[in-house]
Amino acid sequence: MNILKLSFLAFFFCLSNNLFATIDPSIQLKETSENVLNILYSNSQDTEKEIIEYLSKEYNLDIIIRRTLGRNWNKIEEGHRAKIVKLIKQLVLLAYLDGMSGKSKPEIEFSNTRYISSKRAEVPTTLYIDNKPIVLVYRLGLVQGKWEILDIVIENISIVITYRKQFDAFFTNNSSKDLVKKLETLLTDENLDQSLPL
Amino acid sequence: MKTLINHSHYKKFILSTMLLFSSGIFADNFNLDYEFSEEENWSDDTAVNSDPLESINRLVYQFNDFFYIRIFDPITNVYVNHTPKSVRNSFKNFFVNLKYPIRFISNAFQAKIKESYYESLKFGINSTVGILGINTPSDKFSFLNGIPDEDLGQVFASWGIPEGPFIMVPILGPSTLRDLPARIIAREINFIDVNSDNWDTVESEWIALLNTAEILSMNEEILPRYKSVRKASIDPYTALRSAYLQQRSQEIAK
């Protein structure tokens, strides 16, 4: 009798696992985006850290970072990999949050999820930042039965492609040690946007 | 109960349950290292950016960057901080409306008759009811919203002219061999183009003033985006090139 009960339990657990994969990924995205905006527009001291911690709980951010590096992953020394992933995560988040910031808290409109295949989906959204509409598409993939963010496309510009092109160019003349140095400079230099290139 | 289900049925049931259970858990195991096949990636991931003029382009980029950050940005900040938003919006609407001939011709050359008609209708409403395009009463008509902005570069692409190499144009910024002539022609079609022969006349002073206002109005939109790309880039030149080419390819595909 106990075996029968256990079998039914296992069967329903298995069923729920497969059902989870069929849940519309936009539901989780909606909740996550709302919470990210709430943190962003709160008066918190360390918004960036809080958002990274929150997003890491909701999604496996290493996936999008690994995708930005693409084939360059093999060019990175093993000792530098964890640090580079951490630094790029901060940089990508900076780009993402910069795109979401406005004078007032943006409104997000979610359109219907487009299923590209059984393991790929796109969630188109429109962000109204200071009343200006910005089209933002989340590209998602089913990884280990869970929808994970593979790419974010802001106004037709893919974060993954844009960063991957930069890494391709960077690794033609530089090493992973140089990348660590470059990323650290980018993330610490507060006056970077005012620095003179000439 | 024992009489209904015998031992072999138990075994089969447990086996099939475990099989189903394991299929759910391990179905995506091949994705653990996040490497997806090219078909499963979105196709544009593999696009190659043709840039044989890269060394020259990078020099032009440095010049442009200096110009944008050191000259355009402070002037634009003064404009934004000292001009009410309603006035800035009116300027923007006015200049967008003036570009109607380019949008009309570009739609017509691509045989987009409906879009050409809608553009004309929009121009007619905004130029009259909207007082020279300063206001946009056409927004009240849903079918007149969201008409894609067509340009001559898209026309050339639809005619099968290849994109050609990427070109960084002084002051104007990123372009391609196909888009650059399109931009020059568009400038000639522009209502408020400055003709160097007329610099001495009073009219040309107004035209120059309008041109300056147009540049300020454009910069208000473009510069914040440029600065945010620049701030979060490992290689801002490559980021700008990739962003421009991605955006153009999507505009052309529509």
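Structural remarks
- Subset tally (residues that are exposed (fewer than 15 other Cβ atoms within 10 Å of the Cβ) and either farther than 20 Å from A:LEU127 by Cα or of a type in the set (A, V, I, L, M, F, W, C) (or both)) for segment A:30-53: 6
- All of (1) modelled with pLDDT of 90 or more; (2) open to solvent by less than 40 Å² (accessible area, probe 1.4 Å) hold for B:GLU54 with one exception: (2).
- Residue list for segment A:37-70, filter: among the hydrophobic types (A, V, I, L, M, F, W, C) and over 18 Å from A:LEU140 (Cα atoms): A:LEU37, A:ILE39, A:LEU40, A:ILE51, A:ILE52
- Against the numbered list (1) in a strand (DSSP E or B); (2) open to solvent by 20 Å² or more (accessible area, probe 1.4 Å); (3) not small (Gly, Ala, Ser), A:LEU187 comes up short only at (1).
- Residues satisfying the stated conditions in segment B:182-207, i.e. at pLDDT below 70, loosely packed, with under 13 Cβ neighbours inside 10 Å and hydrophobic (A, V, I, L, M, F, W, C): B:PHE191, B:TRP199, B:VAL202
- Which listed residue is away from chain A (no Cβ under 14 Å), modelled with pLDDT of 90 or more and in contact with a Gly (Cβ under 9 Å, 6 or more places away or on another chain), from B:TYR79, B:TYR68, B:TYR61, B:TYR100: B:TYR100
- Residue match in segment A:96-105 (condition: at pLDDT 70 or above and open to solvent by less than 40 Å² (accessible area, probe 1.4 Å)): yes
- Evaluated against (1) touching a Ser or Thr at 6+ places or on another chain (Cβ under 8 Å); (2) within 9 Å of chain B (Cβ to nearest Cβ); (3) at pLDDT below 90, A:GLN166 falls short on exactly one condition, (3).
- Which numbered condition B:ASP149 fails, given (1) under 30 Å from B:PRO236 (Cα atoms); (2) assigned to a helix (DSSP H, G or I): (2)
- Each residue in segment B:210-254 was checked for being facing chain A (nearest Cβ under 8 Å), among the acidic types (Asp, Glu) and part of a helix (DSSP H, G or I), and 1 pass.
- Meets criteria (crowded, with 20+ Cβ neighbours inside 10 Å and facing another protein chain (nearest Cβ under 9 Å)) for A:VAL123: no
- Breaking point among (1) assigned to a helix (DSSP H, G or I); (2) of a type in the set (Gly, Ala, Ser); (3) surrounded by fewer than 16 Cβ atoms within 10 Å (Cβ to Cβ), for B:SER106: (3)
- Subset of segment A:138-169 (residues that are open to solvent by 20 Å² or more (accessible area, probe 1.4 Å) and free of Cβ contacts under 8 Å to residues at least 60 places away in the same chain): A:ARG139, A:GLN144, A:ILE154, A:GLU155, A:ASN156, A:ILE157, A:LYS165, A:ALA169
The values are calculated or read from the model by the stated rules, or taken from the named source; none is laboratory data. In this text, all values refer to a predicted model and were calculated from it rather than measured experimentally. Using ideal geometry, Cβ is built from the backbone for each residue, glycine included, and neighbour counts are taken over all protein chains shown. We work out accessible area using only protein heavy atoms, side chains counted, and drop any ligands, DNA or RNA first. Shrake-Rupley method; radii C 1.70, N 1.55, O 1.52, S 1.80 Å.
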